[in-house]
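Read the structure below first, then the notes.
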Amino acid sequence: MRLDKYLSQATDYSRKEVKRLIHAYTVTVNGEVERDSGRHITPEDEVVMDGINLSAPTTRYLMLYKPEGVVCSTDDPTHPTVIGLIDLPKPELLHIAGRLDVDATGLVLLTDDGKWSHRITSPRHKAPKRYHVTTAEPIEDSAVAKFEQGLWLNGEKLRTKPAGLKILDTHSAEVTLHEGRYHQVKRMFASLGNRVVTLHRTSIGNVVLDDSLEPGEFRHLTDEEVLSFESN
């Protein structure tokens, strides 16, 4: 982790304020004055600022039950944001691993661990995302094979990758995706002449939305949940 990020997470200072303090010779690493804000800090390094020995900041991994009407963004002029729902110090340092549309609900993962986030969002790692969908029109049985074969979406040059569709009743289904194109689930049903009414994400990889969470609530992931993405 960069020194300026380390200090910002371990204190109440912003990254800009931290850099000013570093340049003012108030920070030492392993007993030596350090002025390089980009220096890589390891867990074994001893970091002192203004005479105070700082503990290594803990990396955070969270699951959030996103409500309808909340945007997956750090800032938005017209809607509340998922970051605004996180009642923790420096929530603005968290980034969103797998976004949802403003009218969609369900599981959102947040972290300040960039490598872990990349494992979730990168198509190369193929972390499946599962959704519960309700539609305006009945879902035809033939849609199952079409999802599996891949669909042509308006404006796209390639078919969608094979996706799972499990019909639950006439107007609802479970969808499993291995990619994340713009409004993908809605556009897939639209290509079949149907319209998505509700979209709710239930899981990402092996991490399932906790039944005990209410919309707008979050919790820290367990070590097992965090490590589950290592095998993807």
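For the reader, a short list of remarks on this structure follows.
- Of the residues making up segment 143-178, those that are within 13 Å of Tyr131 (Cβ to Cβ) and either aliphatic (A, V, I, L, M) or at pLDDT below 95 (or both) number 7.
- Of all residues in segment 219-232, those being touching a residue at least 12 places away in the same chain (Cβ under 8 Å), among the acidic types (Asp, Glu) and open to solvent by 60 Å² or more (accessible area, probe 1.4 Å) number 1.
- Condition met for Val133 (of a type outside the set (Ser, Thr, Tyr), open to solvent by less than 30 Å² (accessible area, probe 1.4 Å), more than 16 Å from the chain's Cα centre (by Cα) and under 27 Å from Val185 (Cβ atoms)): yes
- Counted residues, segment 181-213 - those being exposed (fewer than 14 other Cβ atoms within 10 Å of the Cβ) and part of a loop (DSSP other than H, G, I, E, B): 6
- Segment 77-109: number of residues that are open to solvent by 50 Å² or more (accessible area, probe 1.4 Å) and out of contact with any strand residue (DSSP E or B) (no Cβ under 6 Å at 6 or more places or on another chain): 11
- Pairs where the first residue, in segment 187-212, is free of Cβ contacts under 8 Å to residues at least 40 places away in the same chain and the second is not small (Gly, Ala, Ser), C-beta under 6 Å, 6+ apart: Arg187/Leu153
- Evaluated against (1) without any contact (Cβ under 8 Å) to a residue 24 or more places away in the chain; (2) in a loop (DSSP other than H, G, I, E, B); (3) under 20 Å from Leu107 (Cα atoms), Gly216 falls short on exactly one condition, (1).
The values are calculated or read from the model by the stated rules, or taken from the named source; none is laboratory data. Since we're looking at a predicted model, the values are computed, not measured. Every residue, glycine as well, gets a Cβ built from its backbone with ideal geometry; the counts of neighbours run over all protein chains shown. Accessible surface is based on the protein model in full, side chains and every heavy atom, while ligands, DNA and RNA are left aside. Shrake-Rupley method; radii C 1.70, N 1.55, O 1.52, S 1.80 Å.
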